[in-house]
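Asker: One structure is given below, represented as structure tokens, and several questions about it will come after.
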Amino acid sequence: MASKTIRSKADLAINGAPPAFDQPLHVGRPNIGDRDAFLQRVNQILDNQWLTNNGPMVQEFERQIAERLGVKHCVAMCNGTIALEIAIRALGLSGEVIVPSWTFVATAHALYWQGITPVFADIDPATHNLDSGAVRRMITPRTTGIIGVHLWGRAAPVDELQAIADEHGLKLMFDAAHAFGSTYHGQSIGRFGECEVFSFHATKAFNTMEGGAVTTNDDRLADAMRLMRNFGFKGYDNVIHPGINGKMIEVCAAMGLANLSGFDEVIAINRRNHSAYHEALAGIPGITLLGYDPAERNSHHYVVVEVDETCPISRDAIIAALHAENILARKYFWPGCHMMKPYRDLFPHTGLLLPHSEAVASRVIVLPNGGAINEAMISTLRDILAVSTHEA
Ligand SMILES: *Cc1c(COP(=O)(O)O)cnc(C)c1O
């Protein structure tokens, strides 16, 4: 698909040359599995005339997810944000809950939407995950819980956070939206803390178009969440709990089942691309690829690079150069949740406590990955970066 060779600045689209790609390369382009398997399931749904309300597709989807992750319960939901909100409510969190600022804003919104104050703790810049020392410093008498985020699918420091939670009588849960297919100490993410919350949004490594789930080994918590996602109904006419509508529909579960069969292939392609990126970017000054923990499994969905002060051009100039070539690289989470209006209004000075989050937010670029990306494209992207960052 790359239609030109890039040898000098004159070859760059930002300087007026035609773009390297005639079709845009997107970050988070959906991974779509076996189309016929999906359509067959959609026909089954239409034949059954059972479109939603805990239908057979959703039940099978929950069974397969729970089995794959080695966890007792999977409660499927309409999206990851509602799944977070229901998990937070079922755990009875209130007052203040500690979260990273360096995450997608839904982690904070799921608390604030329910009148709970998200308190932002700083991250370890080497892993982009919560720093447990910073979490300790943010505990107050009003703290009731911690939400760890497994950012980029890399596990948060689960044991350290659990030790803090136990010591202070706090509930620990995880936003595992990036971590389907990841492990911690060799065990699948999905079983840690009180519960873990997945998003199966179209842009995630594994998707149900829109969707999410909470996984847990706690029977009572799973029961409470099943009630909450269906208005508190227990059988016909019997409402025993306050609730909301958080149900996953049958078509989404069908998409999930079709994509689940192909998920290991998606991981293999992502892993291959990730190591191609690793080699390609090695010689470029001031640009470092964030590595994955080689001891753990990961979907390798996110290709995260950091641009530091030794790079001759700025992070934003690199993004502009890539966009001109039709490579739609993204900043991600910029400028951090604590800088977004609702939270900046709440705590105007939090940035003082989040030096690593702010530094990382100013350095990151996420590059395209997935089945639509191949080694030739990565090599073109490398040439664009090499020429763009070459002085004079
Ligand atoms: C995607 C995402 C969510 C929200 O999930 P939706 O399914 O889009 O509602 C929450 N947290 C993180 C870290 C995410 O990346």
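Asker: So how many residues does the range 21-57 have that are β-branched (V, I, T), away from the ligand (no atom under 16 Å from the Cβ) and within 24 Å of the chain's Cα centre (by Cα)?
Answerer: Going residue by residue through the range 21-57, those that are β-branched (V, I, T) are 27, 32, 42, 45, 52.
Remaining after also requiring away from the ligand (no atom under 16 Å from the Cβ): 32, 42, 45, 52.
Narrowing further to those that are within 24 Å of the chain's Cα centre (by Cα): 32.
Adding up the residues that qualify gives 1.
Asker: Quick one: which of A163, A156 is outside any strand (DSSP E or B), assigned by TED's automatic domain parsing to the domain that holds E194 and in contact with a strand residue (DSSP E or B) (Cβ under 6 Å, 6 or more places away or on another chain)?
Answerer: Numbers: A163 fails: in contact with a strand residue (DSSP E or B) (Cβ under 6 Å, 6 or more places away or on another chain).
Within the list A163, A156, the selection yields A156.
Asker: In the range 72-95, which residues are of a type in the set (A, V, I, L, M) and either open to solvent by 10 Å² or more (accessible area, probe 1.4 Å) or in a strand (DSSP E or B) (or both)? Write out each step before concluding.
Answerer: The first filter runs over the range 72-95 and keeps only residues of a type in the set (A, V, I, L, M), leaving 75-77, 82-84, 86-88, 90-91, 93.
Once the filter is applied, which keeps residues that are of a type in the set (A, V, I, L, M) and either open to solvent by 10 Å² or more (accessible area, probe 1.4 Å) or in a strand (DSSP E or B) (or both), the range 72-95 yields V75, A76, M77, I82, A90, L91, L93.
Asker: Here's a follow-up. Select from the range 189-243 the residues that are without any contact (Cβ under 8 Å) to a residue 40 or more places away in the chain and assigned to a loop (DSSP other than H, G, I, E, B) and list them in ascending order.
Answerer: F192, F231, G232, K234, G235, Y236, D237, N238, I240, H241, P242, G243
Asker: Considering the range 179-200 alone, what residues qualify as being open to solvent by less than 20 Å² (accessible area, probe 1.4 Å) and of a type outside the set (V, I, T)? Let's see the steps before the verdict.
Answerer: Keep residues of the range 179-200 that are open to solvent by less than 20 Å² (accessible area, probe 1.4 Å), which gives 179-183, 188-190, 195-200.
Scanning the range 179-200 gives A179, F180, G181, S182, S188, G190, C195, E196, F198, S199, F200.
Asker: Further question on the same structure: Scan the range 287-306 residue by residue and report those that are open to solvent by less than 10 Å² (accessible area, probe 1.4 Å) and within 19 Å of L328 (Cα to Cα).
Answerer: V303, V304, V305
Asker: Looking only at the range 103-127, count every residue that is more than 10 Å from the ligand (Cβ to nearest atom) and in a loop (DSSP other than H, G, I, E, B) and tell me the total. Break it down stepwise before answering.
Answerer: Keep residues of the range 103-127 that are more than 10 Å from the ligand (Cβ to nearest atom), which gives 111-127.
After this cut, where a residue has to be in a loop (DSSP other than H, G, I, E, B) as well, the list is 113-116, 122, 124-127.
So the count comes out to 9.
Asker: Give the range 226-246 a look and list any residue that's out of contact with any Gly (no Cβ under 8 Å at 6 or more places or on another chain) and within 16 Å of the ligand (Cβ to nearest atom), or say none.
Answerer: Of all residues in the range 226-246, those out of contact with any Gly (no Cβ under 8 Å at 6 or more places or on another chain) come to 226, 234-238, 244-246.
Passing the criteria: I244, N245, G246.
Asker: Is one or more of the residues making up the range 61-76 in the same structural domain as N245 (by TED's automatic domain parsing) and without any contact (Cβ under 8 Å) to a residue 40 or more places away in the chain? Working first, answer last.
Answerer: Of the residues in the range 61-76, the ones in the same structural domain as N245 (by TED's automatic domain parsing) are 61-76.
Next cut, without any contact (Cβ under 8 Å) to a residue 40 or more places away in the chain only: 63, 67.
Scanning the range 61-76, I find at least one residue that is in the same structural domain as N245 (by TED's automatic domain parsing) and without any contact (Cβ under 8 Å) to a residue 40 or more places away in the chain, so the answer is yes.
Asker: Does R330 meet the test of being within 17 Å of the chain's Cα centre (by Cα), within 29 Å of S199 (Cα to Cα) and of a type in the set (D, E, K, R)? Don't jump to the end; show me each part of the working.
Answerer: Values: within 17 Å of the chain's Cα centre (by Cα): yes; within 29 Å of S199 (Cα to Cα): yes; of a type in the set (D, E, K, R): yes.
Yes.
Asker: Moving on to the next point. Got a number for residues in the range 7-46 being acidic (D, E) and either in a helix (DSSP H, G or I) or in contact with a strand residue (DSSP E or B) (Cβ under 6 Å, 6 or more places away or on another chain) (or both)? Steps first, answer last, please.
Answerer: Residues of the range 7-46 acidic (D, E): 11, 22, 34, 36.
Narrowing the set further to residues that are either in a helix (DSSP H, G or I) or in contact with a strand residue (DSSP E or B) (Cβ under 6 Å, 6 or more places away or on another chain) (or both) leaves 11, 36.
Count: 2.
Asker: Which is within 30 Å of D223 (Cα to Cα), touching a Leu at 6+ places or on another chain (Cβ under 9 Å) and either at pLDDT below 95 or surrounded by fewer than 18 Cβ atoms within 10 Å (Cβ to Cβ) (or both), of I244, I240, I249? Give the steps one after another, and end with the answer.
Answerer: Details: I244 fails: touching a Leu at 6+ places or on another chain (Cβ under 9 Å); I249 fails: either at pLDDT below 95 or surrounded by fewer than 18 Cβ atoms within 10 Å (Cβ to Cβ) (or both).
Criteria check complete, one pass: I240.
Asker: If you take the residues in the range 135-148 that are open to solvent by less than 10 Å² (accessible area, probe 1.4 Å) and in contact (Cβ under 8 Å) with a residue 40 or more places away in the chain, which one is nearest to the chain's Cα centre (by Cα)?
Answerer: Applying the first criterion (open to solvent by less than 10 Å² (accessible area, probe 1.4 Å)) to the range 135-148 yields 135, 145-148.
Retained after the next criterion (residues that are in contact (Cβ under 8 Å) with a residue 40 or more places away in the chain): 145-148.
On the way: G145: 21, I146: 18, I147: 14, G148: 12 Å.
The residue in question is G148.
The values are calculated or read from the model by the stated rules, or taken from the named source; none is laboratory data. Note that this is a predicted model, so its numbers are computed, not measured. Ideal geometry is used to build each Cβ from the backbone, glycine not excepted, and the neighbour counts take in all protein chains shown. The protein model used for the area step is the full one, side chains on, heavy atoms only, and it has no ligands, DNA or RNA in it. Shrake-Rupley method; radii C 1.70, N 1.55, O 1.52, S 1.80 Å.
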